Structures are given as structure tokens and as C-alpha cells.
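Here's the structure we're looking at; comments come further down.
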Amino acid sequence: MAAPPRPESVAMLEKLVAALTAKGILTEEEIAERQAITDRASPETGARMVARAWTDPDYRRLLLSDGTAAAEAMGVTMAGAPPLGVLEDTPTRHHLVVCTLCSCYPRAVLGYPPHWYKSAAYRARAVRDPRGVLAEWGTHLPDHVEVRVVDSTADYRWMVLPMRPAGTEGWSEERLAAIVTRDCLIGVALPRAG
Amino acid sequence: MTEAGAAFAPGARVRVRDDWPEERGPCHIRTPHYVRGRTGTVERALGAFPNPEDLAFGRPAPRRRLYHVRFDQRPLWNEGHPRDTVLVEIFEHWLEPLAEGSP
Amino acid sequence: MPDDAPAHVPATHDLGGASRFRCTPIDPDDAPPDAFGKRVDAIRQILAQKKLMTVDELRRGIESLPPEEYHALGYYERWLRSIAAIMIEKGVIAAEELR
């Protein structure tokens, strides 16, 4: 569990806000507005992008060649956001995203990163023992599959395009999107039909 | 296709500079320790971005080419699955061409 | 690592492969940030929009924390300390205002 902030941190935050407010740098309204905008981003966006890519070959091509444009095509505002790259899983390659240096994450299409993504254990282990990390999510990949860890070190943000699972033939985009979880978009889990 | 102005094309073998600026003083670098001095393969060029090493100190930041470079996992850690790889974003000024026949 | 490799110690934040976390299970907690975290997050974004600090400066500030603080503080507590340090460094606020 993430520990609650210590009292001195809470006090420091309020002093910082007071100092910045007194100088006319920000207001409580701006903070609330910014937080509301940030709260609206969610992994449902990434899931809808994947579902559409599974059913629309043109969109799939766009998603893989220009993730930013593909996000904008779904109504996401990408101005000011880092460019989005999308990595395609295949029968012989599985991607797993981590940021070993901090916590880079495709927030525009996935929302806030979960606590575990930012944890020292995930950052340390994903890059060195990816199969051990995947096993903690119950994800086991056969030996013939290459696990490709993506260490998000610089200006891009990365999302995984998982493979469409068997047993989903004829499903609507909406139904497909419902099985694409945030964990599938990071690469620790695989979408399941049932 | 080599991206216009890019020093390295997809498939190029490169070596990451074995440099440790954090041992010389305050700095901010985006090249993780575990690939320094290591050999990888350019997957593709990712465009150019203001150098974070300057941005972090509020200095004027010239744009630098960025690449996705792929490394085999096993040589990095002397353990792991032989097929597994890691893909890292690395700026051009951290990369050196690898001469033909080098290890 | 080969036995004869020169001993470079990675920076605190440069966590890839760090042996000390080798056997640490990953805490599956996936709750969104609490009110404190969301507030710090929003302030960081506003300061970036107003060109008062870059995300790279935020990271540099976090990376400057002493190792024991880096690991003891919560995620957004690290952010807050970095934001405060950068704002003081740039003369936007005075250190006394946070005391």
C-alpha cells in the first residue's frame, strides 16, 4: 500500500500553495480545474484504441505508425503531451513497459500510473527478471516468445497493442474494449475472452 | 530508411558510451546505467528532442536525435532467457558506431 | 557483471536491475493517487504550463534527494520536495515561506 503523506509534507504543500498563490502564480480554481482534467484520463481510452485496432486495419496501421495521431482520432487532446508510441505484440513477441529512471507513463491514454508501476521493486525487476514479474500477474509465456522490455527513458510514452484473444470473433468494439485492462496496455497481463 | 540527418539507420550496431557523469558532479542523464558500455542494435530513429541534460538545469537545450536501441537481455545481466531483449530510448550523443568485427 | 568490471555505483534513482529489490514482491496496490498526490500533480502541471519549471527539472530535483530520503518518502512527497527546491532555486519563492 502507498503510505499516506507525513504531516510535515501536508504542511509543506499548503505553505507552497500559499506562497505561489500570494505571488499570483496559481489559484485554487486552477488547481481544481487541472486536477479535473487529469482525473478524466483513463485506461478506457487506451482500451478503445486497441479494440478499434483489432477491428479496423486502417486504424491499426495509424496506431502503430503514429500513436499520437491515433489518440487524437479518438478525441484525446495530445497537444503538450509527449508523443505516444505503440508496440505490437505478435505470436512470438511480447512487450512489457517500465520506466527504470522515474515513472514515465502514457498518461494521456491511460490516466495516472498505478502505485506499483512507480514502485522501486517494479522498476528494478521488470528490466532484469521480466518473466518473474509477469508471473506475479499470473502471466506465463512460452519459451519461443521473446519478452521485449521497453524501458521508457526519454521523450516518448509507450503503450502495448496486445494480441486479440481467440474466442472473440464477431465481438463488437465495445465488448472487445471491456477485456482490455490497464495491465494489458502496460504488458503485465493478457486480454482474456472469458 | 535513415531518418534525415540521423547518424544511425535501423539495424546499425552501436555501443553506448561507457561514461559516468554522475561520478563527476550534479547532472541529469537519461541513459540507464545497465546499458553503458554495452552493444546494441538500432531499432529505429525517434526524431529529435531538446536535450534533457540541459533542460534539467534550465539551460538552452539544443535538439538531439533519439533512437530506440535494442539489447539482448542475457549479456546485460549474465542471466535470463536467451530470447529476451530490452528496448531503450537513447540520445545520439551517447552512441558510438561499432566497427565491423568488433565484439 | 564480469568480475573485473570497474565498480560503478548507479545513482539512487537509476533502479534497473538493482539487487536490493531482487526478491521484493511487487505491491499490487493500484489505487489512484490520494488527494495530496493529485494536488501536487496538478501544481506540477500548472508550473510547467506557466514555464516556471520543466519535467526535467522536476526529475533533477528528485534525483538530488539523499538516498535514504528518496526511498523513505512517498512518490508525491518526492515531487513536492523537488518542486519546492526548484522554486527556491529559481527565486520564485523564498525558503522562509516554507518554514
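In region A:107-127, the residue that is farthest from C:LEU73 (Cα to Cα) out of those that are in contact (Cβ under 8 Å) with a residue 12 or more places away in the chain and within 7 Å of chain C (Cβ to nearest Cβ) is A:VAL127. Filtering region A:149-179 to residues that are open to solvent by less than 10 Å² (accessible area, probe 1.4 Å) and either over 25 Å from B:HIS81 (Cβ atoms) or basic (Lys, Arg) (or both) leaves A:ALA154, A:THR168, A:LEU176. Do we have any residue at all in region A:46-56 that's without any contact (Cβ under 8 Å) to a residue 60 or more places away in the chain and open to solvent by 70 Å² or more (accessible area, probe 1.4 Å)? Checking region A:46-56: not a single residue is without any contact (Cβ under 8 Å) to a residue 60 or more places away in the chain and open to solvent by 70 Å² or more (accessible area, probe 1.4 Å).
Every test in (1) aliphatic (A, V, I, L, M); (2) surrounded by 14 or more Cβ atoms within 10 Å (Cβ to Cβ); (3) outside any helix (DSSP H, G or I) is passed by C:ALA84 save one, and that test is (3). State yes or no: is B:THR31 in contact (Cβ under 8 Å) with a residue 12 or more places away in the chain, assigned to a loop (DSSP other than H, G, I, E, B) and β-branched (Val, Ile, Thr)? Spelling it out, B:THR31 is indeed in contact (Cβ under 8 Å) with a residue 12 or more places away in the chain, assigned to a loop (DSSP other than H, G, I, E, B) and β-branched (Val, Ile, Thr). Scanning region B:41-66 for residues that are more than 8 Å from every other protein chain (Cβ to nearest Cβ) and either assigned to a strand (DSSP E or B) or hydroxyl-bearing (Ser, Thr, Tyr) (or both) yields B:THR41, B:VAL42, B:GLU43, B:ARG44, B:ALA45, B:ALA48, B:PRO50, B:ARG63, B:ARG64, B:ARG65.
The set of residues in region A:108-136 being touching a Gly at 6+ places or on another chain (Cβ under 7 Å), closer than 10 Å to A:VAL149 by Cβ and aliphatic (A, V, I, L, M) consists of A:VAL127 alone.
The number of residues in region A:13-49 that are more than 30 Å from A:ASP66 (Cβ to Cβ), within 9 Å of chain C (Cβ to nearest Cβ), out of contact with any Pro (no Cβ under 9 Å at 6 or more places or on another chain) and assigned to a helix (DSSP H, G or I) comes to 10. Taken over region C:52-72, the criterion of being more than 9 Å from every other protein chain (Cβ to nearest Cβ), in contact with a helix residue (DSSP H, G or I) (Cβ under 9 Å, 6 or more places away or on another chain) and not in a helix (DSSP H, G or I) is satisfied by C:LEU65 alone. No other residue among B:ASP18, B:ASP72, B:ASP84 is open to solvent by 30 Å² or more (accessible area, probe 1.4 Å), closer than 26 Å to A:VAL160 by Cβ and not basic (Lys, Arg) apart from B:ASP72. Any chance region B:94-103 includes a residue that's assigned to a strand (DSSP E or B) and within 8 Å of chain A (Cβ to nearest Cβ)? Looking for residues that are assigned to a strand (DSSP E or B) and within 8 Å of chain A (Cβ to nearest Cβ), one finds none in region B:94-103, hence no.
Can you tell me which residue among B:ARG83, B:ARG70, B:ARG74 is under 10 Å from the mean Cα position of the chain (by Cα), without any contact (Cβ under 8 Å) to a residue 40 or more places away in the chain and within 24 Å of A:LEU141 (Cβ to Cβ)? Matching residue, one of B:ARG83, B:ARG70, B:ARG74: B:ARG70.
The values are calculated or read from the model by the stated rules, or taken from the named source; none is laboratory data. Bear in mind the structure is a predicted one, so any value in this text is a computation, not a measurement. Note: ideal-geometry Cβ built from the backbone for every residue, glycine included; neighbour counts use all protein chains shown. Note: accessible area is taken over every heavy atom of the protein model, side chains too, but ligands, DNA and RNA are not part of it. Shrake-Rupley method; radii C 1.70, N 1.55, O 1.52, S 1.80 Å.
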